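Below is one structure, written out as structure tokens; the observations come after it.
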Amino acid sequence: MGPMRKSEAGETGQAHALLNAAEELFTERGFYGTSVSDITERAGTSVGALYYHFASKNGVYHALWSRYMDAQSARTREAVALLRDAGVSDGRRLFLAGTRAYLTSAWQHSGLVRMVSDGDAPAGFAGVARRFSQQWARQNTKLLQVSDPLADRALSSIVTGSIGGVAREVADCETAEDAEALIAKTIEIYGTLLGLRPVPSNGLFAPEPVSAEPVSAEPVSAEPVNAEPVDASRAVADGDGPR
């Protein structure tokens, strides 16, 4: 990653303007179709300011991605915290809440998501994105704890590995309504995969109820096998008794 200066400790007004301009231009023209002077002109700053804050155009791209992912992390943590405050402890439901927040944010930054997903990025960026995915997978594994550790890893890999593709599809939606419908269907599918069922009253998910019925639903008769009365004295006399 290219070195960053002032923006490492928090965006200054100039750095913020440069990142906003870069996101617009990268979305419109692509990373390689945008020059440093394009960014500074739209941001209303100087070329020197860009190099001071980010060292290079590559540094701008990395800082822009870091800002996006920091915002994503904050949104997902907030969504999870809200459910926890409401008394929800099931990691699967917490995961779904965080995933919904993540995908909603992907729609709000659809241009950036499309650009990154399509590989319109500086050299070496794939490694940065891969490290984030690995970190995300580890976090999900902690939430998706079931009785079998192997199942934990498998479920985490399946859902985490597919989220990026879903985010790309969400970013391609033409309207907010289409994006929300796709997100809702994704959450429904993930919920089913995780063994949850929707609760009609609130749209959340709950574990499948465990049946209280016995294995055999047929009633067990209280009658003896032989319902005819037995003459105990005759049975003993005939030797049909305990020995």
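Every number here is computed from the coordinates shown, using simple stated rules; none is lab data. Everything quoted here is computed from the prediction, not taken from an experiment. Every residue, glycine among them, receives a Cβ derived from its backbone with ideal geometry; neighbour counts consider all protein chains shown.
Taking the number of other C-beta atoms within 10 Å as the exposure measure, put Val60, Val170, Val88 in order starting with the fewest.
With the fewest neighbours first, Val60, Val170, Val88 line up as Val88, Val170, Val60.
Taking θ = phi - 60°, what integer Hz values does the Karplus form 6.51 cos²θ - 1.76 cosθ + 1.60 yield along the range 116-123, in sequence order, with x for Gly and Pro?
Result, ordered by residue: 5, 4, 7, x, 7, 8, x, 4 Hz.
Between Ala71 and Ala151, what is the spin-label point distance in nm, taking each point 7 Å from the Cα along the Cα→C-beta axis?
3.8 nm
Which order results if Arg138, Arg168 are arranged by neighbouring Cβ count within 10 Å, fewest first?
Sorted ascending by nearby Cβ count, the order is Arg138, Arg168.
With a 10 Å Cβ neighbour count serving as the proxy for reagent exposure, in which order, fewest first, do Leu82, Leu150 appear?
Ordered by Cβ neighbours within 10 Å, fewest first: Leu150, Leu82.
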